[in-house]
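Notes for the one structure printed next.
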Amino acid sequence: MVVLAASIVSKNGKVLVSRQFVDMSRIRIEGLLAAFPKLIGIGKQHTYVETENVRYVYQPIEALYLLLVTNKQSNILDDLETLRLLSKLVPEYAMSLDEEGICQTAFELIFAFDEVISLGHKENVTVAQVKQYCEMESHEEKLHKLLLQNKIDETKRRMKEEASKIDQMKIEKNRGNKGGFMSSMGSGRIESSFSDMSISSGGGGGFGSGSGFGLTNDIDSFASKSKGRQPSSATAPPKGLGMKLGKNQRANQFLESLKAEGEMIVEDAQPSKLSSHIAAAHQPTDPVTLTAEEKLNVTLKRDGGMSNFDVQGQLSLQILNPEDGLIQVQIEAGGNPGVIFKTHPNMNKELFANENILGLRDPSRPFPTGQTGDAGVGLLKWRMQSADESMVPLTINCWPSVSGNETFVSIEYEASSMFDLRNVAISVPLPALREPPSVRQIDGEWRYDSRNSILEWSILLIDNSNRSGSMEFVVPPADSSSFFPISVRFSATSTYSELKVVNILPLKGGAPPKFSQRTQLITENYQVA
């Protein structure tokens, strides 16, 4: 019961594609295929021909023959089933059922034949499975590309932060030079916040030459003293030491003694630097930024079903430059009938209802500009509620079972094909344990929070390659209710509303400003209770 070769030949005997599944020479297979057209009788309805050594099982495909060469001990019913499956695969991969179409997709056909026949025996596969195997989608490759893209995005973000910092320093320097204050400081450098002041010991005059008095007065008194008179010279501090603010010598000696005794001392954070870094990280870089964000609130029942499904979305606008404030935003909704939109009271409702354009009721009034918080200015809100369980992007099933002195817990997830979920975290509450749970099997990674007694199951990415997964762990005997409620967190780059910003329409004429759109779906409260 061995298939020697699977081939596609023309009716005049020309070999187009041939795949051998046993060790045989090229001369022998060419001789077998060359003899096949001579053995076919004219007008006969048979689908096989036998010789002294081999059997030909064939099927006409328009002007071609799909041919299996087997030994005479092979089960002809199995061979016919194999031939039937191959005849379904050939039109799936061949561009056209002629010599040119077969030759152009020769390698694809050979790969498909390999998935059907292994070492001469038929595999138990379907046409859909063969197509999936030949696509060779790799979940690891997707994860690698996602991590690589995250690194690239992080590098770009840092570059933009550094560029904004340099611009800010230039602006502050220009302001100081205009007021004549920086000229009296020599080569010294003053930060924008006096609470975070540090003066470098450069080679110039004034404070920069190394004055050593402590700056403990408020800003007004410091400014009044610095105007109109040259500061008195003082003994320069040791090289490498700047001026220290907010700590006297006694406090420093006390901290040093604690450090000498082995205590861990955490220095006070400088809020001005921290706040400036956080602000730079969230600062938009494009002139106009629109953010479409949806928050998902779902409550699933532990025994199946859904008790709550609510999606709330908002489209917000951020404009950096005042000259770009006179604009209108043209959007395109995805056509989801369950989504109900509601515009801001200052928006022109008729314009939105008729043309899907978001603009102020007073066209001469510009949108607010500058940093107005992370959310920006809200233009449009929407909401969607549903009782259809197929709308749920991720379902969780938890099966605890007590056996002897152990409780076996099996958890599985099933994700719909609507979204590719990122940074999925499934938090399972556990009873009070002395030791971490024993995780027997898991698709992803896990972490045990002993302080809160929570087992967190994390999956970096859920896409078409891993729409379902499971985890099994063992804990001491416990009631099944102690593993609920299960909390879920994830994000996605697409939304239920499928809202898109089509264009920015300038009201004062000219070219529209450059804009960027951010779209995300996040979980606000997602539980299995």
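Values as computed for the structure displayed
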read-out: Net charge of Cβ neighbours under 11 Å - reference ALA333; Lys, Arg +1; Asp, Glu -1; value: -1
read-out: Exposure ranking of TYR526, TYR448 by accessible area [1.4 Å probe, largest first]; value: TYR448, TYR526
read-out: Given LYS165/LYS508; LYS165/LYS342; LYS38/LYS72; LYS342/LYS514, the pairs whose alpha carbons are separated by over 29 Å; value: LYS165/LYS508; LYS165/LYS342
read-out: Listed residues THR155, THR82, THR51 arranged by accessible area, highest first, probe 1.4 Å; value: THR155, THR51, THR82
read-out: For the range 340-473: rounded, prolate or oblate by the Cα gyration tensor [a/c cutoff 1.5]; value: prolate
read-out: With DNA, RNA and ligands ignored, accessible area of VAL54 (1.4 Å probe; Å², nearest 10); value: 0
read-out: List PHE515, PHE352, ordered by accessible area with a 1.4 Å probe, largest first; value: PHE515, PHE352
read-out: Estimated inter-spin distance, HIS139 and ASP167, nm [label 7 Å along Cα→Cβ]; value: 4.3
read-out: Spherically averaged projected area of the range 117-178 from its Cα convex hull (nm²); value: 6.3
read-out: Nearest-10 value in Å² for the accessible area of LYS88, using the 1.4 Å probe; value: 100
read-out: Summed residue charge, Cβ within 13 Å of PHE21's Cβ, Lys/Arg positive, Asp/Glu negative; value: -3
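The values are calculated or read from the model by the stated rules, or taken from the named source; none is laboratory data. Everything quoted here is computed from the prediction, not taken from an experiment. Positions of Cβ are generated from backbone atoms using ideal geometry, with glycine treated the same way; all protein chains shown enter the neighbour counts. These area figures cover heavy atoms from the full protein model, side chains too; ligands, DNA and RNA do not enter into them. Shrake-Rupley method; radii C 1.70, N 1.55, O 1.52, S 1.80 Å.
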